[in-house]
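Below: the structure, in structure tokens.
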Amino acid sequence: VEEYNFNKEKAVKSYEDLLDAYVNYFAGDVVEAGKSLEKVDAANLSKNTKKIYRDLNTEVQEKYLETLYAEGYGYYNTGHHEDAIFCLQKVADEQIDYEAGNCAYYLAQSYRKSGDLAAARTYYQYVIDNYPGTERARTARNYVNAEE
């Protein structure tokens, strides 16, 4: 009975989060819609509702990533590196190659400037490996080599 109630509560929460995402999306707030969609556990949704979830997620995802990236980049440019990390990490978790690798690069820069060199190295290495020959890859290599 406890397991049934727990699963029922999880399902209800997923439906509530999906409804919140829907309401926020149609109110024009893609960031809040994206945050609500992150909370949805699609395994708890019915077959028909999963289709609604996928369709809404597709609609929101592009705008959500675009908004988060712009916010993160803005925070980076104003020296608010912890806030930049928060936004850019969410983008990288979904699409690390966002903006032709710029997301990974600015995430690495933000981590470095906040003092987390280990995390910075991961994203610098991604830029080096996936965007060789670019100015950002050369800069990333300089930072990686300086840490060695």
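The values are calculated or read from the model by the stated rules, or taken from the named source; none is laboratory data. Everything quoted here is computed from the prediction, not taken from an experiment. Virtual Cβ from ideal backbone geometry, glycine too; neighbours counted across all protein chains shown. Side chains included, ligands, DNA and RNA excluded: accessible areas come from the protein's heavy atoms. Shrake-Rupley method; radii C 1.70, N 1.55, O 1.52, S 1.80 Å.
Using the structure shown, decide if E66 is open to solvent by 60 Å² or more (accessible area, probe 1.4 Å) and either out of contact with any Ser or Thr (no Cβ under 8 Å at 6 or more places or on another chain) or without any contact (Cβ under 8 Å) to a residue 12 or more places away in the chain (or both). Answer is yes for this residue. The single residue among Y98, Y105 that is aromatic (F, W, Y), open to solvent by less than 80 Å² (accessible area, probe 1.4 Å) and part of a loop (DSSP other than H, G, I, E, B) turns out to be Y98. Does E82 fit the bill of being of a type in the set (D, E) and at pLDDT below 95? For E82, the condition - of a type in the set (D, E) and at pLDDT below 95 - is not met. Does the range 81-93 include one or more residues that are assigned to a helix (DSSP H, G or I) and surrounded by fewer than 15 Cβ atoms within 10 Å (Cβ to Cβ)? Yes, the range 81-93 contains at least one residue that is assigned to a helix (DSSP H, G or I) and surrounded by fewer than 15 Cβ atoms within 10 Å (Cβ to Cβ).
Taking the range 89-118 as the range and being within 20 Å of V144 (Cα to Cα) and under 13 Å from the mean Cα position of the chain (by Cα) as the test, the residues that pass are Q89, A92, I96, D97, C103, A104, L107.
Pairs linking a residue in the range 124-148 that is polar (S, T, N, Q) to a residue that is in a helix (DSSP H, G or I), with Cβ atoms under 7 Å and 6 or more positions apart or on different chains, are Q125/V144.
Does Y143 satisfy the criteria of being under 29 Å from K35 (Cβ atoms), open to solvent by 20 Å² or more (accessible area, probe 1.4 Å) and in a helix (DSSP H, G or I)? No; evaluated as a whole, the condition is false for this residue.
Taking the listed residues E38, E9, the one that is at pLDDT below 90 and open to solvent by 40 Å² or more (accessible area, probe 1.4 Å) is E9, with no other qualifying.
Remark: Y76 matches the filter, which requires a residue to be part of a helix (DSSP H, G or I) and either open to solvent by less than 30 Å² (accessible area, probe 1.4 Å) or under 30 Å from T58 (Cα atoms) (or both). I need the full set of residues from the range 108-117 which are touching a Phe, Trp or Tyr at 6+ places or on another chain (Cβ under 8 Å) and open to solvent by 50 Å² or more (accessible area, probe 1.4 Å), in order please. Scanning the range 108-117 gives R112, L117.
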